[in-house]
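Asker: This structure is in structure tokens; I'll ask about it shortly.
The values are calculated or read from the model by the stated rules, or taken from the named source; none is laboratory data. Quantities reported herein were computed from a predicted structural model and do not represent experimental measurements. Please note: Cβ atoms are built from the backbone with ideal geometry, for glycine as well, and neighbour counts cover all protein chains shown. For the accessible areas, the whole protein counts, side chains as well, though only heavy atoms, and no ligand, DNA or RNA atoms are used. Shrake-Rupley method; radii C 1.70, N 1.55, O 1.52, S 1.80 Å.
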Amino acid sequence: MSFGLDEDRIAIREMAQGFAAEHIAPHALDWDRDKTFPVETLRAAAALGMAGIYVREDLGGSGLSRLDATLIFEALSTGCPTVAAFLSIHNMCAWMIDAYGDDDQRRRWIPSLMGMERIASYCLTEPGSGSDAAALRTRAERDGDHYVLTGEKQFISGAGASDLYVCMVRTGEAGPAGISAIVVEKGTPGLSFGADERKMGWNAQPTRAVRFDGCRVPVANRLGAEGQGFRIAMSGLDGGRLNIAACSLGGAQAALDKALAYMGDRRAFGAKLTDFQALQFRLADMATSLEVSRTFLRHAASALDAKDPAATQLCAMAKRHVTDAAFAVANDALQLHGGYGYLAEYGVEKIVRDLRVHQILEGTNEIMRVIIARALTGDRR
């Protein structure tokens, strides 16, 4: 269904759906099993403009909207939510450099990010500061025309494989006003990585700690002024929350489609499973939940595009609602498969594992409730 989308947006969505069906879906189970990071597939997506969806066009970006991005990530996630989610992270980093970098920084980094000759990771979370991001402790001490970084980031997607790390570091006093954003390039002395984490899902992308031990980074790699880092980080997360919601939506839609196909073939008590009214009602509720989520997600994305003052609140609402609803739909799809849903070859259990973390990252859904409540009550803390 078009949901009021114009012809251009329908074409964008169909392009991403076709790419997912041809280049991602056939390999998703193998990538998950073998823990393969499909860099060449990501570069093939980049060749179609999907590595800089809302980056300006002058240096190779696609110049599209946040609404367009949700269409793309939802479509890609029908093939594999993990691969689509990593592409979302890369897009977020590229946008931060495009939006907050100076002309020299944009020329240095944006063109290679657009083709994914260089891949980017986002470094905010630390071992001791997850939801309380403003309490981060990774330190950047000024030493002439360099910063010297000391500390550790945790749960970093792409760590070790990526070429650029957009890092939030402390250059000043405690709290958000003392945080700055610095781009650290792979190969910088003092930069190292922890072991690849063993995870419940998201196996098609590496997750490692990023460590700084006297890591010297040029001051010229700082995005914006000192003290602007927390604002830069939070602005990036508004769009990231929309994208991860879209990835949940696409994964859940794929799970529902698998359930419909399975139930149309499976027979019990002399009838197809789709002939039982109780199961029909379950399918109806699942489909309705996804349509409600899709509609609200696009509303939130349109608000961010329009720079609506309520955009941050709406993005938090969308992230909380869509990721919860999508996980529930995927879990129901597994249940409708019976014992076969628990087998890896059917692909549903992978979707359930992949979508579970979407309720945690880009700000936990509990923190989304905090953001929403503060907006409602006028609490500006």
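Asker: What do you get for Rg/Rh of the stretch 113-165 when both radii come from the Cα atoms and Rh is the Kirkwood radius?
Answerer: On the Cα set of the stretch 113-165, Rg over Rh gives 1.04.
Asker: Mind ordering 278-290, 130-142 by average Cβ neighbours within 10 Å, highest first?
Answerer: My ranking of the peptides, most packed first, is 130-142, 278-290.
Asker: Can you quote the Å³ per residue value for the convex hull of the Cα atoms in the stretch 120-227, rounded to an integer?
Answerer: For the stretch 120-227, the hull spanned by Cα atoms encloses 93 Å³ per residue.
Asker: Further question on the same structure: Under the Kirkwood approximation applied to all pairs of distinct alpha-carbon atoms, what is the hydrodynamic radius of the stretch 230-377 in Å? Before the final figure, lay out the partial values.
Answerer: Details: mean 1/r = 0.0619 Å⁻¹.
The Cα-based Kirkwood calculation yields 16.2 Å.
Asker: Given a 1.4 angstrom probe, what's the average accessible area per residue across the chain, in square angstrom?
Answerer: 42 Å²
Asker: Binning at 10 Å from 0, report for the stretch 183-227 what percent of all alpha-carbon pair distances ends up in each bin.
Answerer: Spelled out bin by bin, the stretch 183-227 gives 23, 38, 28, 12 percent.
Asker: Let me ask something else about it. Hydropathy at least -1.0 by Kyte-Doolittle, axial extent at least 30 angstrom from the Cα trace: which helices of the chain, defined as entire DSSP H runs, fit?
Answerer: Result, helices passing both filters: 229-265, 277-305, 311-336.
Asker: Let me have the relative contact order for the stretch 7-115, percent, based on Cα pairs under 8 Å that are six or more residues apart.
Answerer: The value is 32 percent.
Asker: What translational diffusion coefficient, to the nearest whole µm²/s, does the stretch 1-58 have by Stokes-Einstein, given a Kirkwood radius computed over alpha-carbon pairs, a temperature of 25 °C and 0.890 mPa s viscosity?
Answerer: 187 µm²/s
Asker: Using C-alpha positions alone, give me the convex hull volume of the stretch 7-115 per residue in cubic angstrom.
Answerer: That works out to 84 Å³ per residue.
Asker: Hey, another quick one. Quick one: if you take sqrt(5λ) for each eigenvalue of the C-alpha gyration tensor of the stretch 281-346, what semi-axes come out, biggest first, whole angstrom? Each step should come with its number before you reach the end.
Answerer: Working: eigenvalues 193, 26, 13 Å².
Output for the stretch 281-346: semi-axes of 31, 11, 8 Å.
Asker: Turning to a different aspect of this structure: Want the number for Ala174 to Ala268: 0.36 nm per residue separation, take away the alpha-carbon distance, what's left? List each step's numbers first, then the result.
Answerer: Numbers: separation 94, 0.36 × 94 = 33.84 nm, distance 6.29 nm.
Between Ala174 and Ala268, full extension yields an extra 27.6 nm.
Asker: Let me ask another. Taking the chain as a Gaussian network, Cα atoms linked when under 10 Å apart, which of Leu48, Leu124, Leu256 shows the biggest mean-square fluctuation?
Answerer: In this elastic network of the chain, the residue with the biggest mean-square fluctuation among Leu48, Leu124, Leu256 is Leu48.
Asker: Further, regarding this structure: Given that compact globular proteins tend to follow 2.2 N^0.38 Å, what is the ratio of the alpha-carbon Rg of the chain to that value?
Answerer: 0.99
Asker: I want to check the label-to-label distance for Ala47 and Ala135. Put each point 7 Å from Cα in the C-beta direction and report it in nm to one decimal.
Answerer: For the pair Ala47/Ala135, the computed spacing is 4.7 nm.
Asker: Per 0.36 nm of contour for each residue apart, how much would the distance between Ser192 and Met15 grow if the chain were fully extended, relative to their Cα-Cα spacing?
Answerer: Once the chain is fully extended between Ser192 and Met15, it gains 59.9 nm.
Asker: Something else now. When the accessible area of the stretch 191-239 is computed with all protein chains present and a 1.4 Å probe, what percentage of it is carbon and sulfur?
Answerer: 49 percent
Asker: Say we join alpha carbon atoms closer than 10 Å with springs in a Gaussian network model of the chain; which of Glu74, Glu126, Glu57 then has the biggest fluctuation?
Answerer: In this elastic network of the chain, the residue with the biggest mean-square fluctuation among Glu74, Glu126, Glu57 is Glu57.
Asker: Once Rh is set to the Kirkwood radius over Cα pairs, what Stokes-Einstein translational diffusion coefficient, in µm²/s, holds for the stretch 327-370 at a temperature of 10 °C and a viscosity of 1.306 mPa s?
Answerer: Stokes-Einstein gives a translational diffusion coefficient of 142 µm²/s.
Asker: Where does the stretch 45-187 land on Rg(C-alpha)/(2.2 N^0.38 Å)?
Answerer: On the way: Rg = 15.7 Å, N = 143, 2.2 N^0.38 = 14.5 Å.
In units of the globular-protein estimate, the stretch 45-187 measures up at 1.08.
Asker: Can you tell me which lysines have their Cα less than 28 Å from the Cα of Lys319? Leave out same-chain residues fewer than eight positions away.
Answerer: Within the straight-line limit of under 28 Å, Lys319 reaches these lysines: Lys35, Lys153, Lys199, Lys258, Lys307, Lys350.
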